[in-house]
């Protein structure tokens, strides 16, 4: 009927990592949670970037709808990824429920629990950054060279200098060494 507004939907999402696993338990739980429609991915790992069922579910959602999963690990690759996905849903005016963890962002308690998870994820990210920086500083102090290894050895740079002194162009010397002329020019400049 023209002009009629759409009733808020409860959209379910189910996923199993291998073809041998069965979606039945998740589907039963999602139907018991009164999902109007359920999207699924079978044989797709949580770390996979492309999950067609999840993509279709997310495209179907509009403000006022609720995305429901059986368990948090069905939705995200990591806690940080989950926080991002659920945050995007919240920003779009879409609720989220995880049946096993009893998270429901459509309620005040559920939003509080979500914020606690987000704070823990942020804390985890900051700890990882601190550990990475400390590790890099310790490696530097120990004389470890950080970053990509140089494309050219000192011997190759010396050889290129000889060729250039003998009248070859930087481009010809670079071609002979199998690198771009900009790479050779930088290496020559850096080595003095």
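Summary table
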| read-out | value |
| --- | --- |
| Out of 26, 100, sole residue that is in contact with a helix residue (DSSP H, G or I) (Cβ under 9 Å, 6 or more places away or on another chain), closer than 12 Å to residue 12 by Cα and touching a residue at least 24 places away in the same chain (Cβ under 8 Å) | 26 |
| Of all residues making up the stretch 100-148, the number that are assigned to a helix (DSSP H, G or I) and exposed (fewer than 15 other Cβ atoms within 10 Å of the Cβ) | 27 |
| Count - residues of the stretch 131-157 that are under 18 Å from residue 174 (Cβ atoms) and touching a helix residue (DSSP H, G or I) at 6+ places or on another chain (Cβ under 8 Å) | 5 |
| Check on residue 97, surrounded by 13 or more Cβ atoms within 10 Å (Cβ to Cβ) and assigned by TED's automatic domain parsing to the domain that holds residue 35 | yes |
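The values are calculated or read from the model by the stated rules, or taken from the named source; none is laboratory data. Please read all numbers here as calculations on a predicted model, not as lab measurements. All Cβ positions, glycine included, derive from the backbone under ideal geometry; neighbour counts span all protein chains shown.
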